[in-house]
Amino acid sequence: MKTSYLKIGICFSLLAGAINTVSAQKKNDFGNPTLTHYLNDEKTRSISFSGYAEIWARYAELNPGSLVNGEQVNSISDLSLRRVRVKMAYQPTENFTFVLQGGLTNVNVASKTTPAFELLDAYAEYKFSDIIAAGAGRSTWRGLSRFTTGPLNTLLYDLPSYATGNAGISDETVRELSIYAKGQIGKLDYRLVIADPYTNVSTDPQYNVAAFSKTSPNKDYSGYFKYEFFESENNSSPFHSGTYSGKKKVLALGTGFEYMHNALWHLDQTKSTINDDEKSFAVDLFYDTPINKDRGTSFSAYAMAMNNNYGPNYVRYSGVSNPASGVNTAASSLNGAGNNSPVIGTGNTYYVQIGGTLPYFNKDKNNLQLQPAASVMLSDLDGLHDKALTYDAGVSLLMNGMSSRLTVDAQNRPIYTLNNAGLADVSDRKWQFVLKYRIDFN
């Protein structure tokens with residue numbers, strides 16, 4: 001089955017090249033015709049291919065006790081395939097669209113077996129009008145916040161960690177089987193989703209600490225609503241853009257929710273099992289605007305506040321493309337292995353990022369520019385005595401817009417241990433440095 005997925009991906013790429021012979025198509029960031037074949041003269045029916053690859057070179061200070069290939073190490077330098085994606089979108093009629101996407105995720109030194117080319121998305125959508133469209137299948141359509149599905153274009157090296165806090169627990173690679181409705185009513189953009197969550201991680205109930213339960217999961221309900229003050233954003237895919245690099249002027253105020261009944265459990269003082277709902281609410285504001293279009297300068301900002309209730313003292317520690325294969329518990333911290341840090345939990349999380357593009361290096365070609373950015377994530381969680389502060393700073397070299405870019409990022413994260421009173425305090429901080437290259441094809 002894994003081999004068949006790989007063959008499908010290769011066939012997509014070859015077919016995309018084969019069909020890209022039609023004339024008068026729009027151009028991508030490389031100045032080449034897009035991989036879209038129109039099925040009628042009106043160009044309202046089409047088949048298109050796209051994808052991207054993200055490659056990391058990284059140096060990371062690892063959490064205490066981290067094991068890599070069975071050896072306890074304090075740091076690591078490694079290469080990683082963060083994401084590889086191949087996507088087909090087929091629109092046989094003006095109102096019907098089918099999307100199929102596959103790829104690889106987090107292939108690194110901890111990947112002991114042959115990487116699997118996964119079927120990620122397979123869903124169909126029918127558009128009744130601009131006001132309402134409905135779809136079903138396996139996809140990243142979900143609500144809560146702007147970046148819950150992951151952004152199309154990131155200002156920094158990756159999406160903020162809180163945004164996909166349940167990844168790998170109630171979903172697979174941020175995907176669930178779901179039905180959804182979406183649309184735009186004037187300046188209001190909305191999406192409502194009902195999904196079947198997975199049960200990938202579960203544990204026995206513990207005293208006064210919530211954990212995802214082993215019981216059959218209930219539906220995952222989520223929604224996201226945003227008001228667009230200036231230009232409207234495209235809602236043809238579930239992903240929101242992290243930046244337009246000055247190509248649009250967007251001010252979007254959003255709010256969202258997620259609810260799963262009896263998703264978690266814990267033990268009370270009488271050792272009775274208490275079921276806990278996941279209840280999450282968020283509000284965010286996204287602003288992206290050109291400053292000087294001739295020079296290519298722009299400004300982007302995003303702010304988010306989220307309240308999560310998973311049950312008493314729930315904290316999730318997770319790390320992106322974690323290079324560690326285990327941890328020596330005798331020497332470990334609460335963070336666990338590798339580059340894990342607290343990403344979500346019962347309490348409040350706040351996130352701010354700012355950035356923008358600097359003037360083009362070459363005014364004639366208009367295709368080389370720098371994009372500096374920085375972010376701060378602050379989590380005030382019930383299960384942590386000290387607040388969790390994680391910050392990033394980086395700069396991207398845009399070589400062909402956002403379709404070919406090199407990003408350098410530095411991230412600092414907290415390390416938690418229990419103090420003499422049994423409370424989770426910050427005992428240390430660790431760095432991670434990432435050099436990422438991303439290339440898109442479309």
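Overview of values
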| read-out | value |
| --- | --- |
| Trypsin sites (Lys or Arg not before Pro) within the stretch 331-402: DSSP coil, no more than 13 neighbouring Cβ in 10 Å | K363, K365 |
| K293 versus K26: modelled label distance in nm, points set 7 Å from Cα along the beta carbon direction | 1.5 nm |
| Per-peptide average of other Cβ atoms within 10 Å, ordering 36-48, 204-216 highest first | 204-216, 36-48 |
| Sparse-neighbour loop sites [chymotrypsin sites (Phe, Trp or Tyr not before Pro); the stretch 340-409; at most 15 other C-beta within 10 Å; DSSP] | F361 |
| Farthest positive-ward along the chain dipole, Cα basis, beta-carbon charges - from L368, Q353, A337 | L368 |
| Unit charges at the beta carbon, dipole of the chain: most positive-side option, L418, N400, G256 | N400 |
| Relative contact order [Cα under 8 Å, 6+ residues apart], the chain, whole percent | 15 percent |
| Only Lys, Arg (+1) and Asp, Glu (-1) charged, at Cβ; the chain dipole about Cα centre in debye | 1100 debye |
| Per-peptide average of other Cβ atoms within 10 Å, ordering 140-151, 52-63, 124-135, 74-85 highest first | 140-151, 52-63, 74-85, 124-135 |
| Dipole magnitude of the stretch 258-395, debye to nearest 20 (Cβ charges: Lys/Arg +1, Asp/Glu -1, about Cα centre) | 480 debye |
| Whichever lysines have a C-alpha closer than 21 Å to that of K226, once near sequence neighbours (fewer than 8 apart) are set aside | K127, K182, K187, K247, K248, K249, K279 |
| Spin-label pair F281/Y437, simplified geometry with 7 Å Cα→Cβ offset, distance in nm | 4.7 nm |
| Selected from G355, G51, G422 as most flexible by GNM, with the chain as the system and alpha-carbon contacts under 10 Å | G422 |
| Three-way shape call for the chain based on the alpha-carbon gyration tensor, with the a/c threshold at 1.5 | prolate |
| Environment charge of D409, counting only residues whose C-beta is closer than 14 Å and scoring Lys/Arg +1, Asp/Glu -1 | +3 |
| Simple label model, 7 Å out from Cα along Cβ direction - S202 to D425, nm | 3.8 nm |
| Residue-count net charge about P205 - beta-carbon cut-off 10 Å; Lys, Arg +1, Asp, Glu -1 | -1 |
| Cβ-based net charge around E258, under 9 Å, with every Lys or Arg adding one and every Asp or Glu removing one | 0 |
| Tilt relative to the chain, helix 2-19 - C-alpha long axis, 0 to 90 degrees, to 10 | 30 degrees |
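Any read-out appearing in this document is the output of simple, stated calculations on the displayed coordinates, not a laboratory observation. Everything quoted here is computed from the prediction, not taken from an experiment. Please note: Cβ atoms are built from the backbone with ideal geometry, for glycine as well, and neighbour counts cover all protein chains shown.
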